[in-house]
1. So what is the 222 nm mean residue ellipticity for chain A from helices alone, if each DSSP H run of at least 4 adds -39500 (n - 2.57) and you divide by all residues, rounding to the nearest 500 deg cm²/dmol?
2. Could you give the angle, 0 to 90 degrees to the nearest 10, between helix A:45-69's Cα long axis and the longest principal axis of the Cα atoms of chain A?
3. What percent of all Cα-Cα pairs in region A:397-553 falls in each 10 Å bin, counting up from 0?
4. Starting from the exponent 0.38 and prefactor 2.2 Å, build the expected Rg for the protein assembly as shown from its residue count and divide its actual Cα Rg by it.
5. For Cα pairs less than 8 Å apart in space and 6+ apart in sequence, what is the mean separation divided by the residue count of chain A, i.e. the relative contact order in percent?
6. With the contact rule set at Cα under 8 Å and sequence spacing of 6 or more, what percent relative contact order holds for region B:3-82?
7. Ranked highest first by the average count of other Cβ atoms within 10 Å around their residues, in what order do A:111-121, A:28-38, A:410-420, B:11-21 fall?
8. What number, in nm² with one decimal, is the all-direction average of the projected area of the convex hull of the alpha-carbon atoms of region A:416-471?
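The values are calculated or read from the model by the stated rules, or taken from the named source; none is laboratory data. Keep in mind it's a predicted model, so treat the numbers as computed, not measured. Methodologically, a virtual Cβ is constructed for each residue, glycine included, from the backbone with ideal geometry; neighbour enumeration extends over all protein chains shown. The area values use the complete protein model at the heavy-atom level, side chains included, leaving out ligands, DNA and RNA. Shrake-Rupley method; radii C 1.70, N 1.55, O 1.52, S 1.80 Å.
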Amino acid sequence: MPVIPVAGSEDFANVPTSPTETRRIVGDAVRLHDVDQSVIDNLDPLTYEVVRHRLTSVTEEMGEALKRMSGSVVVTDCNDFDAAIMDEVGDVVQVGLYNTELAASLDMAANWTLRHRATRPGIGPGDMFLCNDPWVGGGLHQNDVSLFAPLFIGGELFAWTGAVAHQVDLGGVSPGSWSVGATDVFWESIPIPPVKIVEAGEIRDDIEDMYLRRSRVPKLVALDLRAKIGANNVAHDRLRALCEKYGAPTVKAVMRRVLNDAESRLRAKLRELPDGSWSSVAHQDSARSGDRGIYKIVCTLTKTDDKLVFDFTGTDPQVDGLINCTYAGLRGGIMPVLLTTVCGDIPWAPGGLYRCVEIISEPGTINNCTFPSGIGKASVASAWATTNVVTECLAGMLDAHPEHRQRLMSVCCGTWDFALLAGVDQRGSGFVTMLCDSMAGGLGARTHSDGVDTGGLACIPMGRVADVEMNEFSFPMLYLWRREEADSGGPGRYRGGVGASSCFIPYDSPLGGVHLVVSAPGKALPLAGGLSGGLPAGTQHDVLLRATTVRADFASGRIPSTLSELGGQTEVLPTHHETDLGASDVYFTHWQGGGGYGDPLLRDPEAVAADVIAHKVTRDAANEVYGVSLTADNRVDEAATEAQRSALRLSRAGLTEGRQEINP
Amino acid sequence: MSLFIDDNLEQHDDGQVTCRQCDQVLGDAQSQLRDARVTETAPRTAGPSVRESPTLFADRPVILRRSFCPRCLTQLQAEIVPADEPSARHRSLSVKP
């Protein structure tokens with residue numbers, strides 16, 4: 001059924017609002033703290049740096065608090081969360097280093113709350129607001145539940161703090177809220193716009209019940225809620241102490257200057273770069289189970305003097321499926337790339353950085369969709385694809401500068417390899433979990449070095465994979481292997497980092513098997529593009545083997561190390577799929593590496609040989625893609641390599657030997 | 001004075017874009033790869049990293065589209081995309097007056 005417009009949904013279609021306009025709307029409903037420009041101007045440099053670094057460390061402490069209280073492996077071991085400190089109108093002064101995509105829209109949620117909740121139910125000391133409505137902000141899909149809290153100093157709203165984390169299940173048709181058959185949002189977890197779930201320091205039972213009742217694992221989600229409350233409490237304790245020591249005006253002046261510094265330093269860097277425009281495209285295959293379409297996000301980045309314009313004109317219309325993202329997802333696709341590739345030496349204060357950015361996007365497109373489009377997979381679908389296309393555009397811009405080009409990176413990983421397990425665990429309890437192994441994606445190649453193998457995801461600087469043993473302890477599964485996969489990094493003069501694969505069986509569940517939800521694009525075409533003649537990374541590859549010999553193999557003390565050893569029937573899985581894994585079934589999932597940089601035929605043959613020895617590249621790829629011929633003991637055969645490269649130069653360009661006469 | 005575009009391309013004051021490997025003129029500021037040699041082949045020709053045929057997953061044909069310097073045959077751009085989509089990967093650097 002096509003998406004039908006819903007009356008009133010426009011109230012939640014949030015777009016950023018200026019501080020001046022926000023103050024006008026809020027009026028006298030809440031007293032918003034402010035500081036005179038003279039205090040900002042008179043800040044001494046030492047105080048500025050001390051307080052600024054204290055703000056950074058507070059976001060790290062928020063993360064630590066979250067991890068220590070959460071019981072979800074997604075949070076405790078994989079860092080799929082983030083935290084931020086915002087000023088009184090919601091501008092983000094400091095974002096944490098965890099999942100920057102998640103925190104990129106906390107400002108929108110806090111600001112919307114100010115504009116829509118200041119009068120009823122009111123905003124007061126000790127309150128905290130919960131939101132998982134990506135049209136409002138605070139996260140990119142419904143699983144990203146944010147909790148943001150106003151901090152009052154002297155009766156005035158001084159600042160906001162916010163914590164956001166991926167919750168493993170909030171209802172919807174499929175376990176994990178990842179409804180692979182979804183055509184619109186009503187198949188998914190129903191979004192919750194900002195609600196006051198903590199009032200004057202106490203959890204409101206009625207609101208919490210409304211929130212948890214939808215989940216298949218309410219106890220786990222309840223624990224995460226308390227972890228986020230704890231993170232905000234820690235932040236408020238630290239910020240109050242900071243205000244007591246230095247005075248609220250001084251702390252606020254530092255916050256203002258951080259925003260201004262971030263803006264001015266980004267503008268200064270942009271002025272060093274040549275003006276121009278860079279266009280690129282990012283694809284996704286399949287919008288839902290059974291769908292065989294390919295969808296595109298197009299971006300043209302125009303840099304003029306000290307301003308960036310991201311124009312998404314030409315992007316496909318929103319689709320019936322779960323891959324769309326809202327405007328919050330679009331912003332969440334831009335900011336992480338800006339932070340990691342352009343702002344490594346600039347304060348991570350998105351509130352200041354956004355002042356240098358203009359976004360042109362048509363509502364109703366796959367990365368700026370309208371309600372009630374399906375968005376269950378938004379964070380790793382259209383938001384992630386936005387990250388990919390923005391990565392290519394910003395890389396092109398940086399490449400034109402002799403110094404700044406050293407910081408560019410090809411697209412990393414390309415997508416999230418989503419595999420979700422659900423059922424009854426080895427302790428007899430219901431469980432749902434998203435496997436986060438693909439947090440070890442391959443990073444993109446750079447202008448002077450290979451991408452880091454299984455180095456992570458650029459948008460989640462502190463992302464990590466859970467130990468195999470932790471997953472086996474927590475869930476009814478047993479690994480055959482988790483390992484890097486040769487040839488998964490995009491070939492190039494500098495090679496993209498390789499991705500990896502996991503292979504496991506259901507194990508020790510009283511039910512004998514587990515439920516499996518798969519949502520992993522990049523099978524029809526790779527999603528991590530290369531740069532400057534570098535090739536894309538490998539494609540996503542998921543295989544389900546039914547009725548294998550794995551149990552007998554284990555019983556005889558043998559651990560299979562390849563799929564061909566397992567027997568059974570092989571199913572190459574489509575992008576979206578939902579099924580049950582039986583006791584003798586084996587699931588193999590292979591995620592992507594990073595894109596390459598430069599022509600593979602210009603790669604140092606000795607580096608290719610080293611890659612073959614290290615199992616990063618196969619001998620076949622060394623010969624067919626890099627044109628490097630190796631001896632039986634993997635040493636470079638220089639004469640054969642020269643001949644092979646000459647032949648490849650012609651053949652890949654569609655030419656034959658006769659081409660030589662016009663190539664003196 | 002030339003302006004660095006990427007590993008393989010540079011742009012000159014007059015807007016002319018040349019190959020950094022062999023100095024072949026490839027285009028201008030508005031169309032940097034105007035004169036590049038373009039080929040379209042099956043995705044599997046990218047190497048063993050393309051694990052399966054796209055026809056297993058999608059109805060639209062998918063291709064590996066590559067651009068080469070017509071002289072030295074350096075690979076300047078490579079993308080695996082739907083065959084019915086023209087390339088959306090373009091760059092244009094301003095020419096200083």
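1. My calculation for chain A gives -9000 deg cm²/dmol from helical runs alone.
2. For A:45-69 against chain A, the angle is about 70 degrees.
3. 11, 35, 29, 16, 7, 2, 0
4. This ratio for the protein assembly as shown stands at 0.95.
5. Reported relative contact order: 12 percent.
6. Worked out over region B:3-82, it gives 22 percent.
7. Working: A:111-121: 19.2, A:28-38: 14.0, A:410-420: 30.7, B:11-21: 17.6.
The most tightly packed comes first, giving A:410-420, A:111-121, B:11-21, A:28-38.
8. Answer in nm², one decimal: 4.7.
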